[in-house]
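The values are calculated or read from the model by the stated rules, or taken from the named source; none is laboratory data. Note that the structure is predicted; figures quoted are calculated from it, not measured. For neighbour counting, all protein chains shown are included, and Cβ atoms are generated from backbone atoms with ideal geometry for every residue, glycine included. In case anyone asks, the SASA skips ligands and DNA or RNA and just uses the protein heavy atoms, side chains included. Shrake-Rupley method; radii C 1.70, N 1.55, O 1.52, S 1.80 Å.
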Amino acid sequence: MAHTLTAKGIKCLMLDAGPPIDYDHDRVPRKVYDLPYRGFGQPGRFPHVTQADEFNANVWADEKQNPYTYDAADPYYWVRVRRIGGRTLVWGRASWRLSDYEFKAKDHDGFGDNWPISYSDLAPYYDKCEPIFRVSGRKEGFAQLPDGNFIEDKSPDSVSMMRFIGAAKARGVPTTKPRRATGSLASSLNLLLPDALATGNLTVVPNAVVRQLTVDKNTGLVNGADFVDRHSRQERHAEARIVVVGAGCLESTRLLLNSGTANSSGVLGHYLFDQFYVKGTVQAVVPEARDGKGGADLMGGSGYIPRFRNIDSKAQDFIRGYSVDFGSGGTPGAKYFPHYGEALQKAVASHRGAGFDATTMGSVLPRFENFVSIDPTIVDAWGVPALHIQAKYSDNEFNMARDAMNTLAELCHDAGFEVLEKHDQMVPPGESIHELGTCRMGDDAKTSVLNKWNQSHDIKNLFVVDGSSFVVGGSQNPTLTILALSMRAGDYMAEQMRAGSL
Amino acid sequence: MERRRFVQAIPFLYSSPALLAQAIAKLDGAATDAVGRPLPHFFSGAQFAALRRLSDLIVPAMGGFPGALDAGAPEFLDFLIGQSPLPARVVYLSGLDALNAHSTAKYGKAFAAVDDTEADALLSPLHEAWTWQEPTEPLSLFLRHAKADIPTATTNSREWITASARNRGSAGNGTYWLPPE
């Protein structure tokens, strides 16, 4: 958003809860045995961040300083980064467009609500975002996964990949190359903020933990934010003509809830969803690659299965669909082999580079009963009330995961691979780091928080530009859509300011 | 010199920010495992003896690489598990006690004293196919964790990585994010 606004000459003040980072100097080479815990990490430091290891531990938000709660029966893994650049410092870079199978999902299956926008509304902004993030990919013409403005991926497929792709094609399952942001770093830190700062129109204030937005009692408009200095704990106030909240899905909603604003609909905090993950849905072996026989021609490469269920035909026991990341050439983990000692080491050595694995990412239905609220019993290290998160998956997701497991096992079998293990156990909600909803868009102010421009229905000078605005998420990673929505909202805001409406 | 004053003096000693950052990184990453030896204190004598025997069975020295005992894996796990949250401690304590109890019941001696054939019978859960469903029985659950932890504690040790370097490997390298200000 700041990238868009500052380019149009609009002065922006960015309050960021985290410290700045010098990406080149704040990361140093180190041997794992020089770490205090030999790479295991400090025990108990990150009970909900499975992505944390001892090398990257300092990038994740401290869970003790930033607590949240959930019911014991329904754990939620909330994964946060509080440094300038946020989660784009460590994201997986997968960059997919949504399609009208998501924007108009209700039209396809009758569940829930449509977005108030169509793919055609967002396509021009996807076109602008992809070059900034240098997204590579291959154009395919899939209706459910629109092509983009890619750096064309011309890499060849290995023999094992061609066998899997062929097996998939024979069963009507589409595949394509990954679509990923490229470059040594693909973050707002290096791709968006430098341009914005270069305009001279952006002031970044690090270590500013925003407590609440403030509202002018006479106009009903937001007029700024109260924040706490992360180090000194000094309380401060910043004034603003327009406030844009982009703190990350649940942090933005937490801020609005703590501010007591923008919730005439009563749905603020509701319709929380994400993408469910079944990591390592299948772990297989390419038999011919055992014992060091898998050269570069046979093994290696990665690919993606876009959603294919409920496109041309209807699945029996679930609506919507799932996607799959798959790859060839890894080494199956030691856990898969029923040995120990020398026998285990020999088994692992025999399978080095002979693995094929696939991970499922499934669409989660947005449901009112999955929600966040303020927990009145707990505050963070700066005295800001914390969230209580209530989320669980439903039969639609469980059935989808089972279908993915069985389908992938069949495809591996058809490709001539040996399946070591298959499963359909999802990681806990939140672990995909794709939390979405809770501040959703809509045309009806009674059932949504934001209008189609990411603008509050209640307070016209308040915008929310992150995953919280999503109505439906699909199975695609959401970052590219968040970027496109933000850029679109920025254009709208600037035009409204120019016209004197804001 | 106290650490704070030393750090304040560093800018005058290093000519570039990169060198300064490297120097501070080295200060933050003091490698204590290169000096002295660990003093196990968390597990009981019987538990620790069982852990040492198990470690030697799971990762024996082979192929020019040190085994778990050479790498100090049992001593490291004593340190790690001793600092871990209660569930992890319970897994290890219950599992090691179960291992000794099964061994005593079957062979009349602690696990540390069984030979390889006797040990193999006691470690039968490790011969079962792995599934995503965690076992609930204490010994099986412990062995599942130990099968993952002992190799990691071994291959991430200075001893193992030094041997890897001799074999032209590049194990153990990583990019460490320094703590924020």
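Per-structure values
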| quantity | calculated |
| --- | --- |
| Residue (of A:SER373, A:LEU272, A:ASN461) at the positive-pole extreme of the protein assembly as shown, dipole from beta-carbon charges | A:ASN461 |
| Reachable aspartates and glutamates from B:LYS106, criterion Cα separation under 12 angstrom, eight or more residues apart if same chain | B:GLU118 |
| Surface/4 of the Cα convex hull for the range A:315-388, nm² | 10.8 nm² |
| Mean projection area, nm², convex hull over Cα of the range A:409-475 | 7.0 nm² |
| Summed residue charge, Cβ within 13 Å of A:LYS422's Cβ, Lys/Arg positive, Asp/Glu negative | -4 |
| Dipole axis of the protein assembly as shown (+1 Lys, Arg; -1 Asp, Glu on Cβ), positive-most option in B:ALA68, A:ALA57, A:ILE132 | A:ILE132 |
| Normalised convex hull volume, the range A:65-147, alpha-carbon set, Å³ per residue | 178 Å³ |
| Along chain A, longest interval not containing exposed GluC sites (Glu not before Pro), exposed being DSSP loop plus at most 16 other Cβ atoms within 10 Å | A:141-368 |
| Förster-model FRET efficiency, 41 Å R0, A:ARG134 and A:LYS346, C-beta, rounded to 0.05 | 0.45 |
| Rg/Rh ratio calculated on Cα atoms of the range A:182-291 (Kirkwood radius) | 1.18 |
| Theoretical FRET efficiency, 1/(1+(r/R0)^6), r = Cβ-Cβ of A:ARG498 and A:SER120, R0 22 Å, to 0.05 | 0.35 |
| Local electrostatic count at B:GLN83 - Lys and Arg +1, Asp and Glu -1, tallied over other residues with Cβ under 13 Å | +2 |
| With every protein chain in place, the range B:120-180: carbon and sulfur % of accessible area (1.4 Å) | 51 percent |
| Within the range A:373-411: backbone nitrogen closer than 11 Å to the A:ALA315 label point (7 Å, Cα to C-beta) | A:396-407 |
| Three principal axis lengths of the range A:341-464 [C-alpha, angstrom, descending] | 64, 37, 25 |
| For the range A:359-408, alpha-carbon Rg and Dmax in angstrom | 16.4, 49 |
| Label-point separation, A:ASN149 to A:HIS108 (7 Å along Cα→Cβ), nm | 2.5 nm |
| Dipole of the protein assembly as shown, positive direction: furthest Cα of A:THR203, B:HIS102, A:ALA445, with charges on the beta-carbon | A:THR203 |
| Spatially proximal lysines relative to A:LYS335 (Cα-Cα < 17 Å; intrachain offsets below 8 disregarded) | A:LYS279, A:LYS346, A:LYS422, B:LYS147 |
| Calculated diffusion of the protein assembly as shown, Stokes-Einstein form, Kirkwood radius summed over Cα pairs, 37 °C and 0.692 mPa s, µm²/s | 120 µm²/s |
| Eligible lysines near A:LYS106 by straight Cα distance, threshold 25 Å, same-chain separation 8 or greater | A:LYS314, A:LYS392, A:LYS446, A:LYS452 |
| Cα centre as origin, Lys/Arg/Asp/Glu Cβ charges: the protein assembly as shown dipole, Debye | 1260 debye |
| Label-to-label distance, nm, for residues given as A:LEU197 and A:THR219 (7 Å Cα→Cβ offset) | 3.1 nm |
| Mean-position separation - Cα centroids, the range A:447-502 and the range A:372-434, in angstrom | 27 Å |
